[in-house]
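Below is one structure, written out as structure tokens, with a few remarks after it.
The values are calculated or read from the model by the stated rules, or taken from the named source; none is laboratory data. Predicted model, so just to flag it, every value in this text is computed and none were measured. Positions of Cβ are backbone-derived with ideal geometry, glycine not excepted, and every protein chain shown enters the neighbour counts. Areas reflect the complete protein model, heavy atoms only, side chains present, ligands, DNA and RNA absent. Shrake-Rupley method; radii C 1.70, N 1.55, O 1.52, S 1.80 Å.
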Amino acid sequence: TLVASNSTERDVFKVENSKVIVAVRVRPFSNREKDENSLPVISMSGSETAVRHPATNQVYSFSYDFSFWSFDNCHPNFASQAMIYKTLAVPLLERAFEGYNACLFAYGQTGSGKSYTMMGFDEDQGIIPRLCEDLFTQIAQMDKQQILYHLEMSFFEVYNEKIHDLLVFKAESGQKKQPLRVREHPVLGPYVEGLTVNVVSSYSDIQSWLELGNKQRATAATVMNDKSSRSHSVFTLVMTQTKVEFVDEEQCDRRLTSHINLIDLAGSECCSMAQTTGERLKEGVSINKSLLTLGKVISALSKQSRSGKKTFIPYRESVLTWLLKESLGGNSQTAMIATVSPAASSTEETLSTLRYAKQACSIINIAKVNEDVNAKLIRELKAEIEKLKAAQKSALNTDPEKYRRYLQEITSLRVKLHQQERDMAEMQRAWKEKFEQAEKRKMEDIKELQKAGIAFKIDNHLPNLVNLNEDPQLSEVLLYMIKEGETTVGRYTPNSKHDIQLSGVLIADDHCVIKNTVGKVSIIPLREAKTYVNGKCILDPTVLHHGDRVILGGDHYFRFNHPVEVQKVKRPSCGTMFLHDRPKDFEFAKNELLIAQRMQLESEIEEARLKAKEEMMQSVQIAKEMVQQELTSQKEAYESKIKSLEAEVREESRKKQIQELNNQKAATKIQELEKAKQNLELELHFNKKRLEMETLATKQALEDHTIRHAKILEALEAEKQKIAEEIHTLQKNRGSGNKTMTIPLTWNSLKLSVMIKEANTISNELGKNTVFYR
Ligand code: ADP
Ligand code: MG
């Protein structure tokens, strides 16, 4: 619906409500899906797309602006690349020529055909090259006198919420390339700060920049390892049309600018968090951010369109939506193509894509022609001057004061006009300069690229290595020529002298050398650097043949091409060699490597198994020996113990014998002693008897003695009496003679002392006898 279309000179803005055009495209089965004997689950009828769920048999039906059947090319409604371009992109281009912004984005799971639709492959050119070519064809047909066309292009990637310019090859003075940032201009809206904007003047200019951009993507994808499916690639053309108009023979330019954004989104599966882990999770989250926010923006916009109420649209939550702000719900003519796989294995992802696309159907954009303020101003100034001139003319004779005022006004407007025109001219000059600079840079970049091994023009006879990538769009994009003599391969560093410079942690500073001696090409691995030929890790120089797969450092995949060899092979005598089976693409090379690695692994496992077995046998043997040894030593220990015990027992018994002997001896001794005792007792008895007898005898003797003693004592007493009588007598006779009296006394005394002596002897003897009997 045309809301406001007013072609008066003053109001040239056209504002139009335009619905987002949504299309679905289903691709043919891939080789893998064919191998899996997959059944198609999608059917289309008119603009409807239906999915029959293989598990439940339930049919889900969706209606879009277009449903493109690209499943089988024999189908009457088959949608070819050309047909899709015509249906979806041509109207956008037309709108762009009218001065509107235009945007087309491809949404779908990885491998569903986004890149095929947007960029295409070889002859199956997609929308981007077709649109660019078409654009220049149309420009060429225009009247150059009337309209000047100026085109600028940018090509960048949004990966992990960071913007990577695909049109700069080398960083300034060896610096690491910094990701770019989104800025928002108060009038012009969001833009990428510092992004390369190249002026292009022909389709081939665009082609070579695109080629450069894709080479960059391929190089980056190899280093980052399959990041392509997780990045959004944005191709932008800015077309400025300067319509040369004349107002009273004075040139008055009218400038229209339109942005054409063509976007190949990241795989929609990156939206689902469940499948991502670790580092992937981090990437996944960021990808989610852009894709999820896109979903949120689409759903908010569609809600807003249906309710008619203004809602908050979270454009600024992700880099992509911020940049697409104008294309979604803003000032743009927008189309979306959702690509899906026909296979049952992708049903869930397909349904999610279709639902996503369905939401976009209800978005209404407000598109308007972008007229340049500067040109508009000039035009307005000129018109004003003309008007004043006319008024002045009429006032010339009637009102001199009025006339003078008009003249003044006209003069001041003229000054303003000249300033505007100078600005315009300056801008034009700046553009021209920019264009020349871009040309120069391109030439330099190409030279630089060739040094890095990326060739643009192919020498038909030189053997070469072509890159292989999981993403078919990035496969066979990089070409490395193998010149006569030596081609060295090593890690990319700012000062590297290598002919082929590769990035990545697994690439060694000096990785390998490729020798080309009169067409015979061989690859020589260096030291520890891993080099694989047809899946096998090589250690020695290996001759390369056409079609051989070369993998350097584990993630740089190449196919070797040898044009001369191919020609030789093509001769009838050689027949058909390997050229007719499956293409030697990335999948083939990867499978081959995996198989070789698996075999290697298996043989290593087998070897390890055998070794382990051997080791086990050995250890069993050792263990056995040890046990044997232990047993022996134990036995020995026991035996010696037994021996010592036996000795002990022997000693014990010996001791016992001795003991017994001693006992016997003791017994005999006891007997002997008993006997001796008896004897002694007997003797004692006898002695006692004898003593008794002796005592008796002694008693007798003593009695005898006593008697004798008493007799002696009696005698002595008698003697004493006698003596005493004599003494008495003598005393009485004292006068008669003294001589006679003296002599009798002496005799008597002698006789008495003998008798005392005798008595003493007897008492002595008695005393002795008393001691013996005690
Ligand atoms: P995406 O960019 O969505 O990951 P691609 O565009 O790289 O997927 O497509 C994956 C594969 O399927 C490619 O080999 C491509 O050639 C093939 N393919 C995709 N769409 C079509 C189609 N419409 N016709 C034929 N082949 C297609
Ligand atoms: Mg792709």
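Scan segment 339-384 residue by residue and report those that are open to solvent by less than 10 Å² (accessible area, probe 1.4 Å), modelled with pLDDT under 80 and of a type in the set (G, A, S).
A367, A375, listed by residue number.
Quick check on my filter: what residues within segment 507-525 are of a type in the set (V, I, T), at pLDDT 90 or above and open to solvent by 30 Å² or more (accessible area, probe 1.4 Å)?
Within segment 507-525, T517, I524 meet the criteria.
Within segment 199-221, count every residue that is at pLDDT below 80 and within 15 Å of ligand 2 (Cβ to nearest atom). Walk me through it before giving the result.
Narrowing segment 199-221 to residues at pLDDT below 80: 219-221.
Now restrict to residues that are within 15 Å of ligand 2 (Cβ to nearest atom): 220-221.
So the answer is 2.
Checking the structure you have, find out if any residue of segment 128-139 is more than 16 Å from ligand 2 (Cβ to nearest atom), over 23 Å from R27 (Cα atoms) and among the charged types (D, E, K, R).
Yes, segment 128-139 contains a residue that is more than 16 Å from ligand 2 (Cβ to nearest atom), over 23 Å from R27 (Cα atoms) and among the charged types (D, E, K, R).
Residue check: is D134 open to solvent by less than 70 Å² (accessible area, probe 1.4 Å), assigned by the TED database to the domain that holds L354, away from ligand 1 (no atom under 16 Å from the Cβ) and over 41 Å from the mean Cα position of the chain (by Cα)?
yes
Taking the stated definitions as given, is R708 open to solvent by 80 Å² or more (accessible area, probe 1.4 Å) and closer than 30 Å to K757 by Cα? If you could, list the steps in order and put the result at the bottom.
Details: open to solvent by 80 Å² or more (accessible area, probe 1.4 Å): yes; closer than 30 Å to K757 by Cα: yes.
Judged against the criteria, R708 is a match.
Residues in segment 358-377: is at least one under 45 Å from the mean Cα position of the chain (by Cα) and of a type in the set (S, T, Y)?
Within segment 358-377, one or more residues are under 45 Å from the mean Cα position of the chain (by Cα) and of a type in the set (S, T, Y).
Considering only residues of segment 171-183 that are open to solvent by less than 100 Å² (accessible area, probe 1.4 Å) and within 20 Å of N495 (Cα to Cα), which is modelled with the highest pLDDT?
Here the answer is K177.
Those residues that are open to solvent by 30 Å² or more (accessible area, probe 1.4 Å) and at pLDDT below 85, I need them from segment 308-335; list them, please.
Once the filter is applied, which keeps residues that are open to solvent by 30 Å² or more (accessible area, probe 1.4 Å) and at pLDDT below 85, segment 308-335 yields G308, E326.
Would you check which residues across segment 22-32 are touching a helix residue (DSSP H, G or I) at 6+ places or on another chain (Cβ under 7 Å) and more than 16 Å from ligand 2 (Cβ to nearest atom) and list them?
Scanning segment 22-32 gives V22, A23, V24.
Taking the condition closer than 18 Å to T347 by Cβ, modelled with pLDDT under 95, open to solvent by 70 Å² or more (accessible area, probe 1.4 Å) and assigned by the TED database to the domain that holds E98, does N57 pass?
Yes; evaluated as a whole, the condition is true for this residue.
Kindly list, by first and then second residue, each pair from a residue in segment 110-121 that is on the phi < 0 side of the Ramachandran plot and open to solvent by 30 Å² or more (accessible area, probe 1.4 Å) to a residue that is in a loop (DSSP other than H, G, I, E, B) and more than 8 Å from ligand 2 (Cβ to nearest atom), limited to pairs with Cβ atoms under 6 Å and residues at least 6 apart or on different chains.
Listed by first residue and then by second, the contacts come to nothing, as the list is empty.
Would a scan of segment 83-92 turn up a residue that is open to solvent by less than 50 Å² (accessible area, probe 1.4 Å), outside any helix (DSSP H, G or I) and on the phi < 0 side of the Ramachandran plot? Spell out the reasoning first.
Step one: of segment 83-92, the residues open to solvent by less than 50 Å² (accessible area, probe 1.4 Å) are 84-85, 87-90, 92.
Pick out the ones that are also outside any helix (DSSP H, G or I) and you get none.
No, that holds for no residue.
If a residue must be modelled with pLDDT of 90 or more and touching a Lys or Arg at 6+ places or on another chain (Cβ under 6 Å), how many such residues does segment 550-574 contain?
1
Scanning segment 96-115 for residues that are part of a helix (DSSP H, G or I) and more than 8 Å from ligand 2 (Cβ to nearest atom), which turns out nearest to L328 (Cα to Cα)?
Checked segment 96-115; the qualifying residue nearest to L328 (Cα to Cα) is A96.
I want to confirm something. Restricting to segment 60-79 and keeping residues that are farther than 16 Å from P342 by Cα and among the hydroxyl-bearing types (S, T, Y), which single residue is surrounded by the fewest Cβ atoms within 10 Å (Cβ to Cβ)?
Filtering segment 60-79 for residues that are farther than 16 Å from P342 by Cα and among the hydroxyl-bearing types (S, T, Y), the one surrounded by the fewest Cβ atoms within 10 Å (Cβ to Cβ) comes out as S63.
Would you mind listing the strands (runs of 3 or more DSSP E) fully within segment 460-506 where at least 2 residues are open to solvent by less than 40 Å² (accessible area, probe 1.4 Å) and within 16 Å of ligand 1 (Cβ to nearest atom)? Spell out the reasoning first.
Details: elements: 464-468, 479-481, 485-491, 500-502.
Of the strands (runs of 3 or more DSSP E) lying wholly inside segment 460-506, those with at least 2 residues that are open to solvent by less than 40 Å² (accessible area, probe 1.4 Å) and within 16 Å of ligand 1 (Cβ to nearest atom) span 464-468.
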